[in-house]
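As structure tokens, the structure follows; a few thoughts come after it.
What follows draws every value from the coordinates through simple rules; no lab data is involved. For clarity, every value in this text was computed on a predicted model and none was experimentally measured. Here the Cβ is made from the backbone with ideal geometry for all residues, glycine too, and neighbour counts use every protein chain on show.
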Amino acid sequence: MKLRRISAVAALSLIPAAGWSCPACMVNDPKTASTYLGMTLILSALPLILVGGLGYWFWRKQS
Amino acid sequence: MAAAAQASAKRVPNSVLGMIIFVATEIMFFAGLMSAHTIAKATVLGGVWPPAGQPRLPVERTAINTAILLLSGILLLIGNRRMSTQRESALRYVAAAIACGIAFVGLQGVEWFGLLREGLTMTSSSHGAFFYLIVGAHALHAVAAIIALTWVYLLMRAGKFVPSRFAATQVFWYFVVVVWPVIYLRVYL
Amino acid sequence: MSEQMQHAGHEQAGQDHAEPGFFLKYCWSTDHKIIAMQYLFTGMLMAVIGGFLAYVFRMQLGFPNHSVPGFGLVTPGRYNAVVTMHGTIMIFWVAMPVLIAAFGNFLIPLMIGCDDMAFPRINRLSYQIFLLSAIVLLVSFAVKGGAFGGAWTAYPPLSSNGAYNLTPLGAVLWLLAVALEFVAFLLGGINFTVTVMNSRAPGMKMFDIPILIWMIVLATVIFMASAGPLIAGAVMLLFDQTLATGFYDPQRGGDPLLWQHLFWFFGHPEVYVVLLPAMGIVAEIIAVFARKKLFGYKSMLYSTWGVGILSFVVWAHHQFVAGIDPRMANVFTVTTLLISIPVAELVFLYIATLYGGSIRLDTPMLWALGFMAEFLIGGVTGIFLGSSGTDIYLHDTYFLVAHFHYTFVPIAIISVFAGITFWFPKMFGRMMNETLGKIHFWGTVIPFNVIFIPLFITGAAGDQRRIYSYAQFAEQSRPALQHLRTTSTIALLVMLAFQLIFIFNFFWSMWNGKRAGDNPWRSTTLEWTVPSPPPHGNFAELPTVYRGPYEYGLPGRADDYWPQNAPN
């Protein structure tokens, strides 16, 4: 029950319409918005994967 | 003392560890460039990439180049595996890897001259700017890797074989080799 | 390479008996302690310059359009340059070199029990590149057009086009200086990480490493993992400035938002890069002066890891008003508020450490407690800016400026004073004067609050930042707020005046202070087992570690502390 309520609230957060990802370049293109979103996710995840992977490797090597 | 020796055997040598961390930052550098390039591709005016009026990149010829660079990585791997048992033959593999690296940089240079003649420059469009920026950054790393490996090769030929130094140079070489196919897929195709 | 380095290190040690000249000893040394001092003094010199710049623009804001004594009339262009340089210098040339490079270089080998860094010569190179970067930055004040005036975040097109920022040469030199500085810290960071991973004293296991060392290493790891995209962006900006490319020019297929994307990917983790060492310094100090084992060492460590992980997923909150996808803004609001949990956890652990301890209020402890109190205000006001809704109103107002300074002044000033007063005996072999230290503490912390609390109010009332004179803009003028702006300026003058006491105390104590023994604070960690100041090579014989770093207040022992290297 609680979970359903939380997921309903989480789903609400997806409603806001995609804004102009680049107000200066005069292209209100959903492709632009999704590219920024994708690149943000990849760029954020990459260092965590790199550092995490190296850390795991060192840890395995030590023990 | 025995425990200390065991612990040091488990350790990654300083120079290799330093190089691995350096390569991780380099990966982030190229990730930044690729991310910018992907966004530029998506936000290009008119929605067509490459922009109209700009020459197409030589996809086929660069595929051969890519194969040469990958080959150099494989040659170096074989050289590394033989280093402890067959020193002479291993050194020949390392030399072949260096030759492949030089061939790659040379062929890329020839390609650049062709593109410049066709009118693709850093100021002609964001396509050209990103092409020279990303491929140029990789070429600089390739040249650095060639210089480093040549230096280590000459030292090894003179009989000064330091395992950790060779290993650290290899880490950098493999980075240059492995990052290239990603660039090829994103920039050329 | 390492073997060669070690060999070189031995040669260096051999030459040491010949007593090298002043230049070789202090300017060309590979000794980590000398390099730490070089970073410390360069950072302090830059702090004086950064403080002077703050004085210049605060005078302009407090007493508009009067000639500032020692500078002259602040024109709009000069105002931009002064604000930009204050931000740049204080973050990249004060906080980073002092907190990470100076304390890291000095303390890492001493605290983990080894004779020097893993790559001593790379360490020396790192400082030399850093010094070069500082010189390039200072030279930019003297070039035609003056120092860069495009704000320390250097948003294009303001930064990419010389016709907009009016400082075409200064902009290029600024970028070069930042790039050089990054190279220096990348070299230093590699050195730190490798040293801590490979050179620890025998017996020092993962959970026996002092928390400060953990935090410095995690900070450098965060720095190295986040600096790459900024360097990529900086190269593109440099090409825009010098080769007339169009990476950030929308009319030529570029995208100005791209810079923000790359800059803040580094820019926000940078906050945690400087926060973590500051938190570490405070942790060390409160454990010593509360005579109590640090509460929840492992929770502290896991919280720090949590901060490190989350620090990579909060950066787009700087772009809430830049027109990013609102769905992304939602995600980043949540992650921004989430990161306050591990940071708050750290502060709670510090308070738990204090609880029931026998607290001694010496100067370092005062600074440490001051850090916790002031940083708390900084953290709480951040919640308003981290929520994408309220941020739309508060963004780029003085509310943000005050919030930012409530985090960065504790980090870069208060915790640094805590660290300097605490490790001064180890650095120079003498104690600092306590009375002067306490006067300096109160003379810094009280004016600090008087500077920035009024700015919260003016910011909430709508004062935009980076405005050289409010009277010039009808919608910004608000004459009723002028007395708050003036109050803030006067408090800054008081605070700067009290820094003279510190400078006097620092240099006077260096030669005339009471002689400190090896362990004046009766602390357990390894740096206090060597003579003060430590000799070349640090330890007469490399120590073995038997226990964790915070064994204080133990019942049934003659001393109330148990050094890490004591067998029983």
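Data overview
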{"quantity": "Isotropic mean projected area of the C-alpha convex hull, chain C (nm²)", "calculated": "26.3"}
{"quantity": "222 nm mean residue ellipticity, helices alone, for chain C (DSSP H n ≥ 4; -39,500 (n - 2.57); rounded to 500)", "calculated": "-21500 deg cm²/dmol"}
{"quantity": "Cubic angstrom per residue, convex hull over Cα atoms of the stretch C:416-568", "calculated": "184"}
{"quantity": "Net length gained if the chain between C:Arg515 and C:Ala163 were fully extended (0.36 nm per residue, minus Cα distance)", "calculated": "120.9 nm"}
{"quantity": "Inter-centroid distance (Cα atoms) of the stretch C:361-438 relative to the stretch C:56-93, Å", "calculated": "23"}
{"quantity": "Alpha carbon convex hull of the stretch C:69-198, volume per residue in cubic angstrom", "calculated": "107"}
{"quantity": "Helix-only mean residue ellipticity at 222 nm for chain B, each DSSP H run of n ≥ 4 adding -39500 (n - 2.57), per residue, nearest 500", "calculated": "-27500 deg cm²/dmol"}
{"quantity": "Centroid-to-centroid separation of the stretch C:142-164 and the stretch A:33-63 [C-alpha atoms, Å]", "calculated": "34"}
{"quantity": "Axial C-alpha extent at least 27 Å, average Kyte-Doolittle at least -0.5 - helices from chain C (DSSP)", "calculated": "C:32-62, C:120-139, C:168-198, C:211-242, C:257-289, C:326-354, C:363-386, C:434-461, C:482-512"}
{"quantity": "The stretch C:33-529, relative contact order [Cα under 8 Å, separation at least 6], %", "calculated": "16"}
{"quantity": "Footprinting exposure proxy for B:His127, C:His536 (fewest neighbouring C-beta atoms within 10 Å first)", "calculated": "C:His536, B:His127"}
{"quantity": "Approximate shape of the protein assembly as shown as ellipsoid semi-axes (Cα gyration tensor, √5λ), whole Å, largest first", "calculated": "41, 38, 25"}
{"quantity": "Chymotrypsin sites (Phe, Trp or Tyr not before Pro) lying in DSSP loop within the stretch C:311-379, provided at most 16 other Cβ fall within 10 Å", "calculated": "C:Tyr355"}
{"quantity": "Dipole of the protein assembly as shown, positive end: most advanced residue of C:Ile503, A:Ser7, C:Gln472 [Cβ charges, Cα centre]", "calculated": "A:Ser7"}
{"quantity": "Cβ-based exposure ranking for C:Leu262, C:Leu131, B:Leu185, C:Leu310, in which fewest neighbours within 10 Å come first", "calculated": "B:Leu185, C:Leu131, C:Leu310, C:Leu262"}
{"quantity": "Check: the stretch C:33-529 dipole with +1 on Lys, Arg Cβ and -1 on Asp, Glu Cβ, in debye", "calculated": "980"}
{"quantity": "Chain B, relative contact order [Cα under 8 Å, separation at least 6], %", "calculated": "31"}
{"quantity": "Net dipole in debye of the protein assembly as shown [+1 Lys, Arg Cβ; -1 Asp, Glu Cβ; about Cα centre; nearest 20]", "calculated": "1000"}
{"quantity": "The stretch C:97-162: trypsin sites (Lys or Arg not before Pro) in DSSP coil with no more than 12 other Cβ atoms inside 10 Å", "calculated": "C:Lys144"}
{"quantity": "Of every Cα-Cα pair in chain B, the percent that sits beyond 28 Å", "calculated": "35"}
{"quantity": "Pairwise centroid distance, computed over Cα atoms, of the stretch C:266-305 with the stretch C:492-547, Å", "calculated": "20"}
{"quantity": "Dipole axis of chain C (+1 Lys, Arg; -1 Asp, Glu on Cβ), positive-most option in C:Val136, C:Met328, C:Thr363", "calculated": "C:Thr363"}
{"quantity": "Point-charge dipole on Cβ atoms (K/R +1, D/E -1) for the stretch C:467-568, about Cα centre, debye to 20", "calculated": "340"}
